[in-house]
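Student: Can you keep this structure in mind? I'll have questions shortly.
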């Protein structure tokens, strides 16, 4: 007998879906295009896919849901979409903190002036037509012309070019615009259509893309989306686990689909794009290319590929010019990827005699130290707390996320994304909150909340009340719990242990740093004074800190317009001495020590 | 309302198919894998898809079918599958002459000894496994090893290799067999699986493929199929016309499907094939690659591509190792293709001081003249008469085809393929029949049949009766008509005009030829004495003729195992001076003169 069909309506989007009785609610949402948060890969641990069943029947909650949601939320109809199964027609409320949409995307970044020297050059050609006295093939005719008239000898033409060349030449009176990469013709266009370049930064959470004029250099447009792979888990390790369970192709396809949509939005004629550069951490790099990641998830965590790569866009399914290449900057190690190399490139950390530390804070935080021309890097598992995950009232930097917290005369003041009514806390808000607690002496050195203004004791232990239910968007209190502070301590401990280790190996103290470069989305939003207050950043004069935005994207743009910069990236990857923290015998004690706050 | 579903059974194969009422019978046969002959692209002209409706109802015959089949055949239930539409359940008899199966395929050819120097070399590697002290990526580990231990520095690895490498190394204890092409790793296999090579000759009518051991050189297996594009027309121009009407992709897909089946039959593990070489005439080359052919079908008939090409097998849809390349030998001109170059290569015509003419007789006949180290080639439209087409009782060299004809004491003796009861005439049978008529003085110089033994006057004019209905497989007379003789005259005139022109330009006469090399399927089957009798070949001593079989396939095999031979092929293509017959003012009169027979 066939399973019963059920209809599900999601609010407030109004999206309707049909499914079989017994289907997982999260699956139904995903298929229907309802963007549901989630970072644990669908095992009921992260709690981010919490929805309210407004009408209809789902499967009874199991132990995991009961434990995660508690009797109170279950009584109000809250359930985890990743565990609840549809048993009949439903109406489902998706609360703001569980939605993926409207995320604030960090795509701006520094623009570094650079000498233009792109891998692909274009020429406008005008060929003599064939005749009975001149029977050269179209390809030979074009190759001869490029060599003679433009000093560009070519050895080959991409098959996609050969498939388009003959009709195109005849349609446009033997005139065409030809894109040449090294010794290969990679694209051919009508005479009036200039080629474009594309730079892509594939972050674990966000994907940013930039359209670049290859002839003159400026960024013409930029846009970003959430990484669609988030549906398989928020952090790198969850996605590696999914790929190890055979979902690698689905992960790749989701990313490429998302990228194709992003590209189509940036450029109405995507086949004008004749060259692309892509950066990402090693896992994103591998998942984008469809490379195996099992060895990234198991010690000793080695990449399948470290060198720079050129692959045909069509082999990835990217819908740009079919003969175009995608250049991938080199990876350094399993958890220090091409995005780190790009960040070093864009911020110039490789090109200084000063002593500089660079940080890209995320679920994994990469740290690089430049000292006397030597580069040392490490990667620490700082966890997703600064992305708002694993925080009880945490959320991403969506509209309504608390991003600023101040304690003024015992009163809490908060600022939210878009100034919207508060929904939850994003990473910079969490940092600010802990920073204020430190400044006010309301947390002890080991992290314990002390009694004081806005600190109260709730069922789950002490907590710092930020917004009361009366003032929040959903009518529930928003607070920072003792456990949340613990998550921040874990992140801080990991990052500082890595920084300290690099400094110590170079015989340096934090005070010796001439500059601290902070990249990435959270790194740009964070208030430096709060980071100093909790001890995440060293207490240096303000002018020594430089927040550089999406430096990985900026590095990708540099490599897009300059072969010299690509060579420089390969040199950076070679020069970086990777320090594997797992082999450091004292890393554990260092980590534990750095979890303490700088208060008495 | 949906169309009625009908069941169709084809005899004698017993193949069953389901289709919608109204479907064309030829389409139903094609989809069901019933090989039906046909050379006109399905417009009812060639009559080769004639079948008998044994039971059931089809659409009433239109004018074309009435004219083509006549009332008698229609009354017996004969119809043209390309015009008849299925109206209900059917049983369909496919007579032998309408079947594509069991064609005698010319795949043998000379084996030329050659120094092995393949484009792809293999190495068995054993790598040190990664450790916390050696965190190189799998790709870097392999590249380092190849450079250090095998003196094979590589710059890149194909994406398909990178997708397989990491799990493969771990499954086989860090041992693997690695195929390297130039500076790229193109395949990686378990240690015990050696790589193989594939040579393919794509003829207009037949496709031959050979599996070759790249390390030691011998051909391990060979097989052939009919070119599946025959369903779109028997000659090159019909297929170009189909492609110009938007069916280029379908033509390419049909060929690639056929090739994939052929390869799977030759090699149970097709992904062991790490390199392929493909040759064909320029149109087959273009259709195989999905290149545009419109410019091949219109004056001045220039190819899209002439130079040698390397394309990834996956870009063609060929199911061999996904990173393998297909090397295509260079074309010379629109109607002198890579198969001609391969034939020159295999027969050594480029490497002689003697005066040699080489012929590859087909629908287009290519002629090459070597004299004092110079190579001159031309192509003439000789038509498909020597393939048995455009001949009233003509057929391909299937079982039952008359391939030998002798007139002994006024009695006709015939020999058939497989010794089966006679069905029709294939090319060598037609040639023999005309040869016997010439020897017996039964045709006049201009081709008119004279009264004599076995020559009778039927409804359509005089004809040479070969087999009476009592002795034939189908109960109908088999005869050579006056019109058939005209077709042979057209073919002969075209070929001889081309030969004569090349000889004249070099100041030579036929008697000056040290050797005449005859390649191709018909060229191998033909009786030289008959060809001399009708004046197709010059009256030279027998030892000056050399029938070389599928020399194009042999040339492809040479290029497969030797980069020196590939370079030689490019040199041959450059050296060949192409003579365009269309620009020769006296070509028409030359052609007309050469149609005469050498009889008085």
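Taken together, the values in this text are just the output of simple stated rules run on the coordinates, not laboratory data. All values reported here derive from a predicted model rather than from experimental measurement. Ideal geometry is used to build each Cβ from the backbone, glycine not excepted, and the neighbour counts take in all protein chains shown.
Student: Beyond 15 Å, what percent of the Cα pairs of segment B:167-248 remain? Could the numbers behind the result be given before it?
Tutor: On the way: 2350 of 3321 pairs.
Tail fraction, whole percent: 71.
Student: So, one more: Normalised radius of gyration for segment A:385-488, please: alpha carbon Rg relative to 2.2 N^0.38 Å, two decimal places.
Tutor: Relative to the 2.2 N^0.38 Å estimate, segment A:385-488 comes out at 0.95.
Student: If you don't mind, there's one more thing I want to ask. How many percent of DSSP beta bridges within chain B run antiparallel, rounded to 5?
Tutor: Roughly 70 percent of the beta bridges in chain B run antiparallel, per DSSP.
Student: Would you mind putting B:439-451, A:153-165 in packing order, based on average other-beta-carbon counts within 10 Å, highest first?
Tutor: Order by mean packing, descending: A:153-165, B:439-451.
Student: Over all pairs of distinct alpha carbons, what does the Kirkwood formula give as the hydrodynamic radius of segment A:120-189, in Å?
Tutor: Kirkwood radius, segment A:120-189: 11.9 Å.
Student: Percent relative contact order of chain A, based on C-alpha pairs within less than 8 angstrom and at least six residues apart? Numbers along the way, then the final one.
Tutor: Numbers: 1358 pairs, mean separation 79.8, N = 600.
13 percent.
Student: Percent relative contact order of segment A:196-328, based on C-alpha pairs within less than 8 angstrom and at least six residues apart?
Tutor: On the way: 245 pairs, mean separation 33.5, N = 133.
Relative contact order, segment A:196-328: 25 percent.
Student: Take every Cα-Cα distance within segment B:190-236, group them into 5 Å bins from 0 onward, and report for each bin the whole-number percent of pairs it holds.
Tutor: It works out to 5, 20, 21, 15, 14, 10, 8, 5, 2, 0, in whole percents.
Student: Stokes-Einstein at 25 °C, 0.890 mPa s, Kirkwood radius from Cα pairs: D for the protein assembly as shown in µm² s⁻¹?
Tutor: The estimated diffusion coefficient comes to 70 µm²/s.
Student: So what are the three principal axis dimensions of segment A:261-374 from its Cα atoms, in whole Å, longest to shortest?
Tutor: Sorted from largest, the Cα extents of segment A:261-374 read 46, 33, 23 Å.
Student: Enter the mean projected area of the convex hull around the alpha-carbon atoms of segment B:102-328, in nm², rounded to one decimal.
Tutor: Numbers: hull surface 56.4 nm².
Over all viewing directions, segment B:102-328 projects a mean Cα-hull area of 14.1 nm².
Student: Then there is this: For segment A:149-190, report the convex hull volume of the alpha-carbon atoms normalised per residue, in Å³, without decimals.
Tutor: Cα convex hull per residue, to the nearest whole number: 64 Å³.
Student: Given contacts defined as C-alpha pairs under 8 Å and at least six residues apart, what's the relative contact order of segment B:208-283, whole-number percent?
Tutor: About 28 percent, as a whole number.
Student: Between the label point of residue B:483 and that of the same position in each other copy, find the distances and list them shortest first in nm, with every label point placed 7 Å from Cα along the Cα-to-C-beta direction.
Tutor: For residue B:483, the inter-copy label distances come out at 9.1 nm.
Student: With just the Cα atoms of chain A, tell me how far they stretch along each of the three principal axes, in Å, largest first.
Tutor: 95, 72, 43
Student: Additional query: Under 25 °C and 0.890 mPa s, how fast does segment A:5-98 diffuse according to Stokes-Einstein, given a Kirkwood radius computed over C-alpha pairs? Answer in µm²/s, whole number. Walk me through the intermediate numbers first.
Tutor: Details: Rh = 12.8 Å.
Calculated translational D: 192 µm²/s.
Student: Divide by every residue of chain B the summed helix terms, -39500 (n - 2.57) for each DSSP H run of at least 4, and state the resulting mean residue ellipticity at 222 nm, rounded to the nearest 500 deg cm²/dmol.
Tutor: Values: 17 runs with 179 residues, N = 600.
Calculated from helices alone, the mean residue ellipticity at 222 nm is -9000 deg cm²/dmol.
Student: Take every DSSP beta bridge with both residues inside the protein assembly as shown and express the antiparallel ones as a percent of the total, to the nearest 5.
Tutor: 70
Student: Place the label 7 angstrom along Cα→C-beta at residue A:461 and in each other copy, then list the distances from the first to the rest in nm, shortest first.
Tutor: From this label point to the equivalent ones elsewhere in the assembly: 10.6 nm.
Student: Cα convex hull of segment B:451-600: mean projected area in nm², to one decimal?
Tutor: Here the figure is 13.4 nm², rounded to one decimal.
Student: Continuing with the same structure: What percent antiparallel are the DSSP beta bridges of segment A:385-488, to the nearest 5?
Tutor: Restricted to segment A:385-488, the bridges split so that about 85 percent are antiparallel.
Student: For segment A:196-328, what is the convex hull volume of the alpha-carbon atoms per residue, in Å³?
Tutor: Given the Cα convex hull of segment A:196-328, per-residue volume reads 91 Å³.
Student: Additional query: Compute for segment A:321-464: radius of gyration divided by Kirkwood radius, i.e. Rg/Rh, restricted to C-alpha atoms, rounded to two decimals.
Tutor: Value, to two decimals: 1.10.
Student: Computed FRET efficiency, Cβ-Cβ of residue B:444 and residue B:249, R0 35 Å: what is it to the nearest 0.05?
Tutor: Working: r = 49 Å, r/R0 = 1.41.
Between residue B:444 and residue B:249 the formula returns 0.10.
Student: Quick one: B:426, A:82, A:66, fewest Cβ neighbours within 10 Å first, how do they rank?
Tutor: Taking fewest neighbouring Cβ atoms as first place, the list is A:66, A:82, B:426.
Student: Between residue B:52 and the same site in the other copies, what are the distances in nm, shortest first, taking label points 7 Å from Cα along the C-beta direction?
Tutor: 8.0
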